[in-house]
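Taken together, the values in this text are just the output of simple stated rules run on the coordinates, not laboratory data. Remember, predicted model here, so these are calculated numbers, not experimental data. Ideal geometry is used to build each Cβ from the backbone, glycine not excepted, and the neighbour counts take in all protein chains shown.
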Amino acid sequence: MNKNEIGKAILRVVLGLTFFIHGLSKFQGGISNTVGFFDSIGIPGFLAYVIGIIEVIGGIALVLGIGTRIIAILFALIMVGAIITAKFSAGFLGNGQMAGYELELALLAMSIYFVLANKSVLSLDQKLFNSNNN
């Protein structure tokens, strides 16, 4: 095992935890608030449930290293959607009334990394399926 594998595992766990906590907060704070926000910016409200579930389950899966590439694709799509629909108009750093898209851009870049990266030796995928195919 080398430093790159350790770094990849740390990055995967941090990304997974970040999405897990964001998804969990959508449900703990009352998903109806997120549904209302989605409706207010022209996104169908039911997608709040879909995104919240992807963030919670996907976050756990990413921490464990299960389905990393698929989860990373879903996270990347969510971040592109968030930047375009909710954050871009506020600018990179925000406009004083709402945060900008700097966090979403960083999460997007991290997600894209896992779409492109080889499987990690420090993942359940690698342990369960012992695949040498990357």
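As a size descriptor, the averaged projected area of the C-alpha convex hull of region 86-134 was calculated at 4.6 nm². Considering only Gly29, Gly96, Gly67, the Gaussian network model of the chain with Cα springs below 10 Å gives its largest mean-square fluctuation to Gly96.
Relative to the longest principal axis of the Cα atoms of the chain, the long axis of helix 31-40 lies at roughly 60 degrees. Each residue of region 47-58 was assigned a 3J(HN,Hα) from its phi angle through the Karplus curve 6.51 cos²θ - 1.76 cosθ + 1.60 (θ = phi - 60°); the sequence is 5, 4, 5, 4, 5, x, 5, 4, 5, 5, 5, x Hz, with glycine and proline shown as x. For region 1-104, the mean projected area of the C-alpha convex hull, equal to one quarter of the hull surface, is 7.2 nm². Mind giving me the nanometre distance, one decimal, between the label points for Ile53 and Ile84, set 7 Å out from Cα along Cα→Cβ? Modelled inter-label distance: 2.3 nm. Couplings 3J(HN,Hα) of region 6-21, computed from phi: 5, x, 4, 5, 4, 4, 5, 5, 5, 4, x, 4, 4, 5, 4, 5 Hz, in residue order, whole Hz [Karplus 6.51 cos²θ - 1.76 cosθ + 1.60, θ = phi - 60°; x for Gly and Pro].
If R0 is 35 Å, what FRET efficiency do you get for Phe129 and Gln28 from their C-beta distance, rounded to 0.05?
In this case the efficiency is close to 0.55.
If R0 is taken as 30 Å, the Cβ-Cβ distance between Phe37 and Val115 corresponds to a FRET efficiency of 0.65. Taking the helices alone, the chain has a mean residue ellipticity at 222 nm of -22000 deg cm²/dmol, built from -39,500 (n - 2.57) per DSSP H run of at least 4 residues and averaged over all its residues. Inter-part distance, region 1-39 to region 98-117, computed on C-alpha centroids, equals 12 Å. Extension gain for the segment Leu17 to Asn2, taken as residue separation times 0.36 nm less the Cα-Cα distance, is 3.1 nm to one decimal. Shown in residue order for region 76-92 are the 3J(HN,Hα) couplings computed by the Karplus curve 6.51 cos²θ - 1.76 cosθ + 1.60 at θ = phi - 60°: 4, 5, 4, 5, 4, x, 5, 5, 5, 8, 10, 10, 4, 5, 7, x, 5 Hz (x for Gly and Pro). Excluding residues fewer than 8 places away in the same chain, name every one of the lysines whose C-alpha is closer than 30 Å to that of Lys3. Partners within reach: Lys119, Lys127.
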